Amino acid sequence: MKTKKTYERPLIKSLNSGLMNKFGKRTEWTPLTEIDGVKVVDLLNEYGSPLFVYSEKKIRENYQHAKRVFETRYPKVQFAWSYKTCYLNAVCDVYHQEGSWAEVVSRFEYEKALKNGVPGDKIIFNGPDKTDDDLMLAIKNNSPIHIDHLDELYRLHELASGLTKKPKVAIRVNMDTGIYPMWDRFGFNYENGQAWDAINKIITLNKLDLVGLHTHIGTFMLTPSAYAVAASKMADLAINIKKKYKKSISYIDMGGGFASKNTLKGSYYMGSDTVPDIEEYAEAITSTLINAGFDKDEMPYLYLETGRALVDDAGFLMGTVIANKRLSDGRRATILDFGVNVMFTSFWYDHKISPVEELGYHTEDTTLYGPMCMNIDVVRENISMPPLSPGNHVVAHFVGAYNVTQSMQFISLRPAIVMIDLHGKPHLIKTKETLEGIQRDELVPQHLKTFKL
């Protein structure tokens, strides 16, 4: 028996490209049927829905491109992969194979990097929360420690008193780059003299080896010129350290914060049209450092801790439509099997969402909800898409950064994660969470184990 086709009213389809025009928004419902040659439906059938997928090919391409961009503009460059961006071992190891060091902000991340085989002297230890045990571990492994505040500086001085070798340290510097609100929570301020106070203490007491300067001016930075301001102030500190103390700084760490091509909520234009290319960040930083006045033979290394810009577009989250409904104001709502519990960046971005199946050309403004029993579980507040039916599949783009590390098993367990290798072969790199796994570390007092209802 033939299945009756769903009726669609006749529709004149406008061919839109570029930005918004007189016909409205550009078309965004082209199906995404495969990733790196692997069919989306096959991945969902094998590993379950929802499912995170990473492209090893895209990760390597992004890293190689960024490395080439900076190394063609500056003689001494070293990347350090930001573990907090995505600390899946498989993802981290791709960057390490490409030559990236590790940048960590906690003992948990530090030990993860060590277990991944990163030498201690190639682990940059950032963050405001380092215990004495953490500091001693970093000192033992000859890791550069980036000092965040005076209390940490004084504790390091005390710990170093009983050592025969000076711990390697840098200070984190915050500054006014013309971007507000200013990130002055972390590190020592440049303008009010805090940075120089910390530098003077370190060099005068002579218990620590000041090898670098570090800054991280913000996140998802859309203004490359702010990095030029930051690089100028960092170079000023380094050059004046040389003049005052006859000491050369080994490296200037410009941190990260480069934007990915995601679209920020509330943005009129799409991220693909407004986010600077990495060449623009590189030009701003390297031109400033080269022209700062360093002696040719004493140019400091440029360290970079960029994470989001290197991995966001290499990650996808695919899932399935659960149901449709009409809201009280008549708007169409579609419920998906993934929400903000695993796609936390839905709070920040209007992620591109593609259908997997070929759909019709009639579109409707739709709200995409996740499956959580909470009103804030909104994947997209408003998106123009053809009507999706239960059982259809969708793919969220640019989810490689921060979603895995900030995901939670609130109401629903975390999904499996797959990486597609350079030959188009999928590899399971993290299994789907289970109730047994979640409860493995729970302890129930004996008097609570029995009850009668």
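The values are calculated or read from the model by the stated rules, or taken from the named source; none is laboratory data. Given the structure is predicted, the values throughout are model-derived calculations rather than measurements. Here the Cβ is made from the backbone with ideal geometry for all residues, glycine too, and neighbour counts use every protein chain on show.
Couple of notes before you dig in:
- Tally, over the range 261-284, of residues that are under 20 Å from A66 (Cβ atoms) and surrounded by fewer than 24 Cβ atoms within 10 Å (Cβ to Cβ): 12
- Residue that is modelled with the lowest pLDDT, among those in the range 340-385 that are over 30 Å from C86 (Cα atoms) and part of a loop (DSSP other than H, G, I, E, B): Y361
- The residues of the range 161-186 that are touching a Lys or Arg at 6+ places or on another chain (Cβ under 9 Å) and under 13 Å from L210 (Cα atoms), listed by number, are K166, P167.
- Residues that are at negative phi and touching a Leu at 6+ places or on another chain (Cβ under 8 Å) do occur in the range 123-133, at least one of them.
- Applying the set (1) in a strand (DSSP E or B); (2) buried (at least 20 other Cβ atoms within 10 Å of the Cβ) to V404 leaves exactly one unmet item: (1).
- Helices (runs of 4 or more DSSP H) fully within the range 93-209 that include at least 1 residues being at pLDDT 95 or above and over 19 Å from I249 (Cα atoms): 107-115, 132-140, 150-160.
- Residue check for L237: assigned by TED's automatic domain parsing to the domain that holds E283, at pLDDT 95 or above and of a type in the set (A, V, I, L, M, F, W, C): yes
- Search result, residues across the range 204-241 that are in contact with a helix residue (DSSP H, G or I) (Cβ under 9 Å, 6 or more places away or on another chain), buried (at least 16 other Cβ atoms within 10 Å of the Cβ) and over 28 Å from P181 (Cβ atoms): K207, L208, D209, L210, I241
- Scanning the range 78-89 for residues that are surrounded by 20 or more Cβ atoms within 10 Å (Cβ to Cβ) and assigned to a strand (DSSP E or B) yields F79, A80, W81, S82.
- Residue match in the range 321-329 (condition: within 26 Å of the chain's Cα centre (by Cα) and either surrounded by 22 or more Cβ atoms within 10 Å (Cβ to Cβ) or not hydroxyl-bearing (S, T, Y) (or both)): no
- Scanning the range 57-74 for residues that are surrounded by fewer than 21 Cβ atoms within 10 Å (Cβ to Cβ) and either touching a His at 6+ places or on another chain (Cβ under 6 Å) or in contact (Cβ under 8 Å) with a residue 12 or more places away in the chain (or both) yields a count of 9.
- Condition met for Y54 (hydroxyl-bearing (S, T, Y), assigned to a strand (DSSP E or B), at pLDDT 95 or above and under 26 Å from F338 (Cβ atoms)): yes
- Taking the range 407-448 as the range and being surrounded by 13 or more Cβ atoms within 10 Å (Cβ to Cβ) and not in a loop (DSSP other than H, G, I, E, B) as the test, the residues that pass are A416, I417, V418, M419, I420, P426, L428, I429, K430, G437.
- Pairs, first part of a helix (DSSP H, G or I) in the range 229-243, second basic (K, R), C-beta under 6 Å, six or more apart: I241/K247
- Residues of the range 297-339 classified as assigned to a loop (DSSP other than H, G, I, E, B) and touching a residue at least 24 places away in the same chain (Cβ under 8 Å), total: 10
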